[in-house]
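Below is one structure, written out as structure tokens, with a few remarks after it.
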Amino acid sequence: MITDTIKKFVSRLFTPAARGPQRITRDKHGIDRRNVSRHAIKVCEVLRQHGYSAYIVGGAVRDLIVGLEPKDFDVATNATPEQIRPLFRRARIIGRRFQLVHVVFGQEIIETSTFRAPASQDQETDEHGRILRDNVFGTHEEDAARRDFTMNALYYDPHTEEVIDYHNGVQDLKKRQVRIIGDPAQRYREDPVRMLRAVRFAAKLNGSIDPATRKPIGTMAPLIENVPASRLFDEMLKLLTCGHAMDCLRQLRADGLHHGLLPLLDVVLEQPGGEHFVELALERTDSRVRAGKSISPSFLFASLLWQQVESRWKQLRAQGEHSVPALVRAADSVLDEQTEKLAIQRRFSADMREIWFMQPRFERRMGKTIYRMIEQPRFRAACDFLQLRAAAGEFDSVLAQWWMDLANGDDATRADMIEELGRLPRDPAEAGAPRKRRRRPRRAAAPREAE
């Protein structure tokens, strides 16, 4: 009896990783090899032919198991970057904090990394515990322990078609539960972005965060402020384009994680109509993601920040400033505040400004002005944005539809629409204030000759 009790106690101490990995066969994990990138399989085959072990790993395996289409495919191997690069015609070593190899096949890049060891006392960290360099190579088991969540520590072997699972990730995935590997507080200190990833995965899988995984997030949320702005922008973009953006934002607010992302987001959602506008924008983004269509980051962030821009624009006009200069000042002030925390790339912010600055021009339909607007590179995006404003009740829906029909039409259709517009009686609201005629200066009178 005592012996049985001791055995049960010892069995509880050992995790699945300590007993060795589970090898899950195809009939149980359900991954169809035909849905796996042939280039990722090629990388694994080449490495295997040269005596190395290689597996497709991470998000691709997770998505394939739950029936989603992976955005990209990563490979993990026991070969070092210097050993990987000579085996492929187009391959380059990248990264400082985390060195890996990009193997290029046309438009597809297979990110290939060497097995890493978990964090140790010798690794370089900042004063908050965030790991700055992570180039310590390890074993397959150590690599699995180093990964963030159990559902991301899954390895697919395209040769045997087995999934290798060290931490019961497949079981968590079937339960739609996000569970971190190791001590949650320690793992969040190593990389605070993991808190954002937990929220994103839970929303994407329509699941939940494990209670122990979620518990430290509320108190450790301020660590997000120590993350480099460029990495924060990348994570925010993934969060907003995962297909469940509004759910992610609500969860971020609930856990106090939004302050380091979009500082003005809370203010936006508290304004009358603000949340409705953001919901409309994100619903349209989610529907495009689910339909497999492309997403414009410029349009997305222009939509999220428009309420703040418009509010300040109205304030400046109420103070007597002209419309266009007021809009420029409002846009600059909002973007400056966002750039302090979120490194919106310059090319995106330039596109956002173009979309915003075209909005006042839609209020007037005049022949030459219309043709000049059509030539603008962001004309179609600005029309889509106008449709969003009309759906939110900010702009006349009939007029917004006219502009959209113009954007969708060919050259002949556009010419007919503009010609027909010229035959209609001029709308005073579109015509604007009448121009004042300039008075000609009087000629100076010739001096009269003295009599």
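The values are calculated or read from the model by the stated rules, or taken from the named source; none is laboratory data. No experiment lies behind these values; they were computed from the predicted model shown. Cβ: placed from backbone, ideal geometry, glycine included. Neighbour counts: every protein chain shown. Calculation scope for accessible area: heavy atoms of the full protein, side chains included, ligands and nucleic acids excluded. Shrake-Rupley method; radii C 1.70, N 1.55, O 1.52, S 1.80 Å.
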Open item on the list: I need a count of the residues in the stretch 365-403 that are hydrophobic (A, V, I, L, M, F, W, C) and more than 27 Å from the chain's Cα centre (by Cα).
Closed with: 10
- [ ] State all residues of the stretch 406-415 that are over 30 Å from the mean Cα position of the chain (by Cα) and either in a helix (DSSP H, G or I) or under 23 Å from GLU283 (Cβ atoms) (or both); if no residue qualifies, say none.
- [x] LEU406, ASP411, ALA412, THR413, ARG414, ALA415
Open item on the list: If I go through the stretch 357-374 residue by residue, how many of them are open to solvent by 40 Å² or more (accessible area, probe 1.4 Å) and touching a residue at least 40 places away in the same chain (Cβ under 8 Å)?
Closed with: 5
TODO: Just name the residue that is most open to solvent (accessible area, probe 1.4 Å) out of those in the stretch 182-226 that are in a loop (DSSP other than H, G, I, E, B) and under 20 Å from LYS238 (Cβ atoms).
DONE: ASN206
Open item on the list: Please verify whether PRO263 is in contact with an Asp or Glu (Cβ under 9 Å, 6 or more places away or on another chain), at pLDDT below 80 and open to solvent by 40 Å² or more (accessible area, probe 1.4 Å), treating the condition exactly as stated.
Closed with: yes
- [ ] Taking only the stretch 319-354 into account, find how many residues are within 24 Å of ARG380 (Cβ to Cβ) and basic (Lys, Arg).
- [x] 3
Task: Yes/no for GLN376 being at pLDDT 90 or above and not in a helix (DSSP H, G or I) - done: yes
Open item on the list: I need a count of the residues in the stretch 311-322 that are at pLDDT 90 or above and assigned to a helix (DSSP H, G or I).
Closed with: 7
Open item on the list: For the stretch 31-110, give me every one of the helices (runs of 4 or more DSSP H) that falls completely inside it and has 3 or more residues that are of a type in the set (D, E, K, R) and open to solvent by less than 30 Å² (accessible area, probe 1.4 Å).
Closed with: none
Open item on the list: Going residue by residue through the stretch 316-337, is there one that turns out to be in contact with a Gly (Cβ under 7 Å, 6 or more places away or on another chain) and either surrounded by 16 or more Cβ atoms within 10 Å (Cβ to Cβ) or not small (Gly, Ala, Ser) (or both)?
Closed with: no
